[in-house]
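The values are calculated or read from the model by the stated rules, or taken from the named source; none is laboratory data. Since the model is a prediction, treat every value here as computed from it, not as a measurement. Don't worry about glycine lacking a Cβ; one is built from the backbone with ideal geometry, like all the others, and counts go over all protein chains shown.
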Amino acid sequence: MSHPTITAAATLDRTTVGRLVADIDRELRTKPARLYVDLGAVDSFDSAGLGGVVAGMRAARAAGVELKLRGLSQPMLDFFSLVSVQRLVKPDEVAKRPDPVTRLGAFVEPMVDGALTVARTTWDVLQELLLGPVRRRWLRLDRTAIEVDHCAAGALPIIALIAFLLGLILAMQAYVQLRVWGAEIYIADMVGVSVMAEIGPLMTAIVLAARSGSRNAAQLGAMVVSEEIAALEQMGIRPLGFLVAPKVVACGFAALSLGVVFDVVAMCGGALFAWAVAGIELDAFAEQLRTALHMSDFVVALAKAATFGAAVGIVGCALGLRVQDGSEGVGRATTNAVVLGIFLIIVVDAAFVTCQRMLV
Amino acid sequence: MPTGDSHSHGGHASSDLVRALALTTQFGERTILDGVDLAIRRGEVFVVMGPSGCGKTTLLRHLCGLLPPTLGSVSVAGHDLYAASPELLHDLRLRTGLSFQGGALLGSLTVLENVALPLRENTDLPPAVVLEIARMKLDMVGLLHAAELLPSSLSGGMKKRAAIARAIALDPEIVYFDEPSAGLDPITAAEIDNVIVKLNKVFGITMVVVTHDLPSAHAIADRIVVLLDGRVAALGARDRVWNDPNPRIRDFIERRLPAEDSRGMDVIAHLEV
């Protein structure tokens, strides 16, 4: 007979199937009209082995070669009766690569969608907090207290530690520069102004995004997945009032109070460095701080911190409630809550600084 | 319309608590429900049956107000659920209980707090009374001993019983059950069935049970609807549906495999002749 024949070894399982597939591939390259695979010698097989045979059939079909099997035992026929070989070897439909506009759309759409969700949630929360009392719906203080305990009290040690170290570092950086002109006393100005204007609110909000923005997104996302949100709605309990508003208020409050702690501790750190290394008395440092800082700056810093915190809270809740596809979705929402949260902090910061400078 | 059965109350609309008209659901290209009409009567145990993927859970979500249908309407006690004002919708929801397939208990609250939650949030009852009612409901489903546990430490059957206790916390007129016996052993499933029937008899609560569990459906149902491919294939009194001559209903009731699909011996085409 002129058609080539491949004979499978006595054992056709996951250890030997590679050889059979390689043999079939090699024969197919010679483009025979028909190829026989003889399984008559096989006395033991597993699904990997027969999977290799089916893979060979598919390759043959793609190459336009007719592949015929020989010597199938009854157990093999029984095995093949569980599947449809025709369906398995049908060529894959090649997914057409979408055109550039579609691809751009697929890339941009989730972002636009996320931004719209955040905007809508902001609107809903504002309505809830401002118009709620008119409709006799007050902020749930009991729920808010639970959240504050996590967001603010729980973050206190790490905030204090970061603030103290950053105070030291800023003082050190300032000292190196100012020493040249013998102007060490201005360490107080450098530390005080930079901490209160930017570093305090920013660092606090970033820690908050990492600790609480992620927590909110993961918690609400998991609640969506386990249908707890649907259950709440069904029981006539609005997730907005029961979960979202308390979380957002708690985040705003946490950023505000932690921001104050951060400012104070960082300035203490700066003062400690100035006293220990630059030999500036603590009284002198404090006096210098008093001239450098103004009450209005402090109020703006507080407003900034609270806005940052609320933004972090809103982003976490909005993305968490939007989770759709199971645990994968929860993970994605958590990541995005932190990334988008930090991004939004910077955007809000830019807006604040612009407004402040235009007004002054 | 497939509402016609031997005990049809034709014209006595007042005995219908829930009416679904031409419910159609589309998720993208896929059609889940395709023109479902049905009416649920006050005080009955109404069972929704059908194979996996036939649209049972989707129908349930439409009926209890969680998912607006693409087309069609649902009315509860004469009010159109998806055209209702927020206040009316809130009111209708409080008259409705829902026991989710996985329980959907709030993970941060104990079983007792979970059952107390709808009472605490929606009534002005003193906290002590709320807890007493919640304990009573837990006892009705035989779960008082687990009152102080967190949901994460409950077994599947206990979660479902806790979910039922929460669903009946506000003394609703109608309670929906999503697969109450799925994933349970036969004894626990029978206990759940027993709770459903008991609550129906004692309080006259209308029960709507979505299930693919045939013995359980037969044990509790007054009337049954069978959904196949998103359509009503049979609707009527339990025994009528159970003896329906439609071959596809027979296949389902008698647990026969549907006619062979294209799997089989088509490897023969590849054999040497």
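In table form, for the structure just shown:
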read-out: Qualifying residue in segment A:45-61 (condition: surrounded by 16 or more Cβ atoms within 10 Å (Cβ to Cβ), among the charged types (D, E, K, R) and either in contact with a Pro (Cβ under 6 Å, 6 or more places away or on another chain) or closer than 20 Å to residue B:267 by Cα (or both)); value: yes
read-out: Considering residues of segment B:69-114 that are more than 10 Å from chain A (Cβ to nearest Cβ) and touching an Asp or Glu at 6+ places or on another chain (Cβ under 8 Å) only, the residue surrounded by the most Cβ atoms within 10 Å (Cβ to Cβ); value: B:111
read-out: Segment A:78-121: number of residues that are closer than 29 Å to residue A:336 by Cα and either in contact with a Cys (Cβ under 6 Å, 6 or more places away or on another chain) or outside any loop (DSSP other than H, G, I, E, B) (or both); value: 22
read-out: Hits in segment A:206-244 - residues which are within 27 Å of residue A:301 (Cα to Cα) and within 14 Å of chain B (Cβ to nearest Cβ); value: A:215, A:216
read-out: Restricting segment A:174-210 to residues that are touching a residue at least 12 places away in the same chain (Cβ under 8 Å) and of a type in the set (S, T, N, Q), the residue that is surrounded by the most Cβ atoms within 10 Å (Cβ to Cβ); value: A:204
read-out: Where residue B:227 falls short, out of the listed (1) within 14 Å of chain A (Cβ to nearest Cβ); (2) in contact with a Cys (Cβ under 8 Å, 6 or more places away or on another chain); value: (1)
read-out: Scan of segment A:54-77 for residues that are closer than 17 Å to residue A:32 by Cβ, away from chain B (no Cβ under 11 Å) and either part of a helix (DSSP H, G or I) or small (Gly, Ala, Ser) (or both), ordered by number; value: A:58, A:59, A:62, A:63, A:64
read-out: Number of positions in segment A:306-330 that are within 11 Å of the chain's Cα centre (by Cα) and in contact (Cβ under 8 Å) with a residue 40 or more places away in the chain; value: 5
read-out: Selection status of residue B:121, over 15 Å from residue B:150 (Cα atoms), at the interface with chain A (Cβ under 8 Å from one of its Cβ atoms) and either among the acidic types (Asp, Glu) or not in a helix (DSSP H, G or I) (or both); value: yes
read-out: Helices (runs of 4 or more DSSP H) wholly inside segment B:184-243 that include at least 1 residues being of a type in the set (Ser, Thr, Tyr); value: B:186-203, B:214-220
read-out: Residue that is part of a helix (DSSP H, G or I), over 34 Å from the mean Cα position of the chain (by Cα) and in the same structural domain as residue A:350 (by TED's automatic domain parsing), where the choices are A:271, A:255, A:217; value: A:271
read-out: Residue within segment B:222-245 that is within 23 Å of residue B:143 (Cβ to Cβ) and either of a type outside the set (D, E, K, R) or at pLDDT below 90 (or both) present; value: no
read-out: Qualifying position, being surrounded by 15 or more Cβ atoms within 10 Å (Cβ to Cβ), more than 14 Å from chain B (Cβ to nearest Cβ) and within 30 Å of residue A:272 (Cα to Cα), among A:161, A:156, A:166; value: A:166
read-out: Close pairs from segment A:78-100: first within 14 Å of chain B (Cβ to nearest Cβ), partner of a type in the set (Ser, Thr, Tyr), Cβ under 9 Å, at least 6 apart; value: A:79/A:47; A:84/B:262; A:86/B:262; A:87/B:262
read-out: Residue within segment A:122-141 that is surrounded by 11 or more Cβ atoms within 10 Å (Cβ to Cβ), under 22 Å from the mean Cα position of the chain (by Cα), closer than 26 Å to residue A:317 by Cβ and in the same structural domain as residue A:216 (by TED's automatic domain parsing) present; value: yes
read-out: Subset of segment A:220-243 that is in a loop (DSSP other than H, G, I, E, B) and charged (D, E, K, R) - its residue that is farthest from residue A:310 (Cα to Cα); value: A:227
read-out: Selection status of residue A:324, part of a helix (DSSP H, G or I) and out of contact with any Lys or Arg (no Cβ under 7 Å at 6 or more places or on another chain); value: no
read-out: Residue check, residue A:286 surrounded by 22 or more Cβ atoms within 10 Å (Cβ to Cβ) and assigned to a helix (DSSP H, G or I); value: no
read-out: Neighbours by Cβ (under 6 Å, 6+ apart or cross-chain): first from segment A:109-127, touching a residue at least 24 places away in the same chain (Cβ under 8 Å); second among the β-branched types (Val, Ile, Thr); value: A:118/A:315; A:121/A:314; A:122/A:314; A:125/A:248
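Yes or no, residue by residue, for (1) out of contact with any helix residue (DSSP H, G or I) (no Cβ under 9 Å at 6 or more places or on another chain); (2) within 30 Å of residue A:44 (Cβ to Cβ):
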{"residue": "A:76", "(1), (2)": "no, yes"}
{"residue": "A:90", "(1), (2)": "no, yes"}
{"residue": "A:95", "(1), (2)": "yes, no"}
{"residue": "A:99", "(1), (2)": "yes, no"}
{"residue": "A:113", "(1), (2)": "yes, no"}
{"residue": "A:117", "(1), (2)": "no, no"}
{"residue": "A:128", "(1), (2)": "no, no"}
